[in-house]
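The structure appears below as C-alpha cells.
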C-alpha cells in the first residue's frame, strides 16, 4: 500500500467507518461542514486537520479551511467507495486500520505524558545560554569551504591529521591537488544556529584558514573556515528560542520516562528475535521525534 492509501485508511479508522449513519454531532463536535452521501464531515474535523497541517494555514490563509474541507470530502468519498467495494474487510486493510488505531492511541497517550512536563524557569534558560556561547554571546556568521575527498580507507587517519594541521585554504587545496585525489568543493555562508550542533563548538575554536575533517564511509568531509562575522545575541533576545528548545527537550524526556515505566510494569513475551537497535529506541519512536535543534529563531538579522 502506498502512503496516501494508508492515510485514507487511518481517516476511516478515526471516523469509525463510513457505512454508519451519523446520529447527530458527537459531544465536543461543532456543526456539520459538509454532507457527503450518508456521511458527514464536521467543522471540528476540519479544524483538527488544519492543526495537523499548520503549513497549510500559513500558505493559504483564509482559504485553508475550504481547502482542508475539500481534502476531507475526497477522503470521505474514497473511504465510502472502499467500504462499498468490500475493501474494509480485506486482511491488509484490517491490518492497516489496526496499526493506524494503535498509532493514534499511542500518540494520544504520549501527548498526555508530554503535557505534564514542567516549563523551564529563568535559571534553566540562563544556564543554557551560558553553556552555548557559540549560539548566543559569541554567535557568528561563517563563510565556509566544504570539500569532499575520496580517500582510501587505509589512509584516512593520516589524512585527518594532515588536513587539521593545515593553516590556510590555499595550503589545503595545494596539498589536495598534489595528492591528485578526486574531490568536490563549494563555499557557503551560514549562521551559527544553522550548523550541526555537534560540529559548532569545534568550528567556533578554529581560526581563519583552519579546517576540521570528518570520516565518512567512502570519503572524507572537510570544513574550512574562510572568515567569520560576529553577531552576538543578548539573553533577552534568546530567551523565547531557548524556552522553546528546553520545553521540547523536557517533553521528550517526559515521554521517554513514561514509556520506561510502562515497560517496567508490563509483562512482555517475545516470539520474534529482538532487533539489534534494542527496544528502548522503539519506545521513543512515536514520541516527539527528532533531536533538539539549535534555536534558529534566537535572533533575526
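The values are calculated or read from the model by the stated rules, or taken from the named source; none is laboratory data. Note that the coordinates shown come from a computational prediction; the quantities given were computed from them, not determined experimentally. Cβ: placed from backbone, ideal geometry, glycine included. Neighbour counts: every protein chain shown.
In this structure, does residue 57 turn out to be under 26 Å from the mean Cα position of the chain (by Cα), farther than 30 Å from residue 209 by Cα and exposed (fewer than 12 other Cβ atoms within 10 Å of the Cβ)? Considered against the rule, which asks whether it is under 26 Å from the mean Cα position of the chain (by Cα), farther than 30 Å from residue 209 by Cα and exposed (fewer than 12 other Cβ atoms within 10 Å of the Cβ), residue 57 comes out as no.
Would you be able to say whether some residue in the range 76-95 is within 27 Å of the chain's Cα centre (by Cα) and surrounded by 18 or more Cβ atoms within 10 Å (Cβ to Cβ)? Looking for residues that are within 27 Å of the chain's Cα centre (by Cα) and surrounded by 18 or more Cβ atoms within 10 Å (Cβ to Cβ), one finds none in the range 76-95, hence no. What do you reckon, is residue 187 farther than 22 Å from residue 161 by Cα and over 25 Å from the mean Cα position of the chain (by Cα)? Judged against the criteria, residue 187 is a match. Here residue 90 does not fit the description of being closer than 30 Å to residue 262 by Cα and at pLDDT 90 or above. Looking only at the range 29-54, which residues are over 26 Å from residue 88 (Cβ atoms) and surrounded by fewer than 12 Cβ atoms within 10 Å (Cβ to Cβ)? Residues satisfying the conditions are 31, 51, 54. Of all the numbered requirements in (1) within 30 Å of residue 262 (Cβ to Cβ); (2) surrounded by 13 or more Cβ atoms within 10 Å (Cβ to Cβ); (3) at pLDDT below 85, residue 25 misses one, and that requirement is (1). Restricting attention to the range 103-144, the residues being surrounded by fewer than 18 Cβ atoms within 10 Å (Cβ to Cβ) and under 26 Å from residue 186 (Cα atoms) number 3.
All of 241, 254, 204, 248 fail the test of being in contact with a strand residue (DSSP E or B) (Cβ under 9 Å, 6 or more places away or on another chain), at pLDDT 85 or above and assigned to a helix (DSSP H, G or I), apart from 204. Among the residues making up the range 145-199, those that are surrounded by 13 or more Cβ atoms within 10 Å (Cβ to Cβ), within 16 Å of residue 218 (Cα to Cα) and free of Cβ contacts under 8 Å to residues at least 60 places away in the same chain are 155, 181, 183.
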